[in-house]
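The structure under discussion appears below in the form of structure tokens.
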Ligand SMILES: NC(=O)c1ccc[n+]([C@@H]2O[C@H](COP(=O)([O-])OP(=O)(O)OC[C@H]3O[C@@H](n4cnc5c(N)ncnc54)[C@H](OP(=O)(O)O)[C@@H]3O)[C@@H](O)[C@H]2O)c1
């Protein structure tokens, strides 16, 4: 498959985390020029040493930070992967400060990066592709996920609206909706047998996703092989939301 990503510049947020770093590695293997973003400079530097990627440190909750970090970039592609899991709580006992924070990072942060990156992409006139990392939690009701699911539901909605608005500039916008990946974000909860086993039992493929299982579809959606695909939310869920 020809990805067309060689020498193209791709910004990946959340690159200091599990799924983001796997995406950086795969993009690097495809010959893309990667700008890896996050807050943890140490982890980004290690990834840079390994892959040669450029790095940017910024906080997704600060519009000033995002604007200035993106001011000298001219990306062809963007992966909005930075995110936070929030808490496990019912609607009756949800902590509203946690709700605000998870919306701030996951939904508002995705919109901020999309806003400042797409301005540059439109100016360049070369088209491009954005992939938002959402979650299966936005597609079905998962107990305890009221705040996180709300933030990812917003990401799915902004994916569709952005696809509509940016299509005329040949910029495609899609989302991926992974099931559980055993990164630190999810391990403490889904790693519990009483919590994780019912999900694994119900899922047709009966296994957790890996970081690499997510990176492949993300890179596919960025690539020329997906040139007619925009506005979709693609589950990477072993069939969990299909049954
Ligand atoms: N793990 C799962 O089960 C799962 C399933 C479905 C979807 N997802 C989604 O996949 C994405 C990546 O998650 P992951 O599993 O790779 O988790 P992870 O290893 O915990 O990584 C989270 C990433 O988000 C960054 N981040 C968090 N808050 C930030 C902020 N305020 N500003 C800038 N960056 C921030 C972190 O950066 P620093 O560490 O540098 O602060 C880190 O790079 C998230 O959007 C998550 O919601 C995860």
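In table form, for the structure just shown:
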quantity: Residue count, region 5-29 (criterion: more than 12 Å from the ligand (Cβ to nearest atom) and either outside any loop (DSSP other than H, G, I, E, B) or surrounded by 18 or more Cβ atoms within 10 Å (Cβ to Cβ) (or both)); calculated: 10
quantity: Single residue of 155, 173 found to be within 18 Å of the chain's Cα centre (by Cα), surrounded by 18 or more Cβ atoms within 10 Å (Cβ to Cβ) and within 12 Å of the ligand (Cβ to nearest atom); calculated: 155
quantity: Test: residue in region 30-37 that is modelled with pLDDT of 95 or more and near the ligand (Cβ under 10 Å from one of its atoms); calculated: yes
quantity: Which numbered condition residue 170 fails, given (1) on the phi < 0 side of the Ramachandran plot; (2) at pLDDT 95 or above; calculated: (1)
quantity: Restricting region 39-84 to residues that are touching a residue at least 24 places away in the same chain (Cβ under 8 Å), out of contact with any strand residue (DSSP E or B) (no Cβ under 6 Å at 6 or more places or on another chain) and more than 16 Å from residue 116 (Cα to Cα), the residue that is farthest from the ligand (Cβ to nearest atom); calculated: 52
quantity: Residues of region 112-143 classified as farther than 19 Å from residue 214 by Cβ, touching a strand residue (DSSP E or B) at 6+ places or on another chain (Cβ under 7 Å) and assigned to a loop (DSSP other than H, G, I, E, B), total; calculated: 1
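The values are calculated or read from the model by the stated rules, or taken from the named source; none is laboratory data. These numbers come from a predicted model, not from an experiment. Don't worry about glycine lacking a Cβ; one is built from the backbone with ideal geometry, like all the others, and counts go over all protein chains shown.
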